[in-house]
Amino acid sequence: MRGIAALTLGTAVVASLAAATVRAADEPPIGPSEANAPATAQPPASTVTVTPKDAAPPPSVTIIGASEAHGVLGRDVRSAAGEDMGRIVDVIVDRTGHVRAAAIDFGGFLGVGSRKIVVDWNALRFGKIANKKDSITLELTKAQVAAAPEYKEDTPIVVLGASGSLQPLQAIQ
């Protein structure tokens, strides 16, 4: 608490000195005959706000209602037939930041023998995910996902899609 008070006091002192310096620079120098002249009413000096040149603008704020959006990492994924498909462990985005796919930890028991499979983001359905226990639906069968190659970072990503509509990422040259 003392640190905040000291910082606030220090900031106020620096701002006052900066304002006084700006005011002094704007006034003409006092000549020898003016130093002995009687004091006359001076118009009030204008207040100058000093801001650093590289000050960042305030951030924008968006409020999303608790029932309008939910996190997806760690969510269970089920097939349309209700089969356990695993859980979402990663979200894949392209260079522009658009979500392209989700990595699902598929198969195994308690993490042993499981592997990551990447599925097209458009193959996921988020109909009812009001709380952490609700699952996301994948429009693929368990057999289709089991046949998909494993996802490994820093290797080309094979994305399994429900309708085949996902376009491959463009090679950067």
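The figures follow:
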{"read-out": "Environment charge at Gly86 (Cβ cut-off 13 Å; Lys +1, Arg +1, Asp -1, Glu -1)", "value": "0"}
{"read-out": "Inter-label distance for Asp134 and Arg115, nm, one decimal - labels placed 7 Å from Cα along Cα-to-Cβ", "value": "3.3 nm"}
{"read-out": "The stretch 117-151 residues near the modelled Asp84 label - backbone nitrogen below 17 Å, point 7 Å along Cα→Cβ", "value": "117, 133-138, 142-143, 145-146"}
{"read-out": "Relative intensity, log₁₀ I(q)/I(0), of the stretch 76-160 from a Debye sum that treats every alpha carbon as a point, q = 0.11, 0.17, 0.22, 0.27 Å⁻¹", "value": "-0.27, -0.66, -1.09, -1.50"}
{"read-out": "Exposure proxy order (Cβ contacts within 10 Å, fewest to most) of His70, His98", "value": "His98, His70"}
{"read-out": "Cβ-Cβ FRET estimate between Asp76 and Thr96, R0 fixed at 30 Å, reported to 0.05", "value": "0.55"}
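Any read-out appearing in this document is the output of simple, stated calculations on the displayed coordinates, not a laboratory observation. Note that this is a predicted model, so its numbers are computed, not measured. Note: ideal-geometry Cβ built from the backbone for every residue, glycine included; neighbour counts use all protein chains shown.
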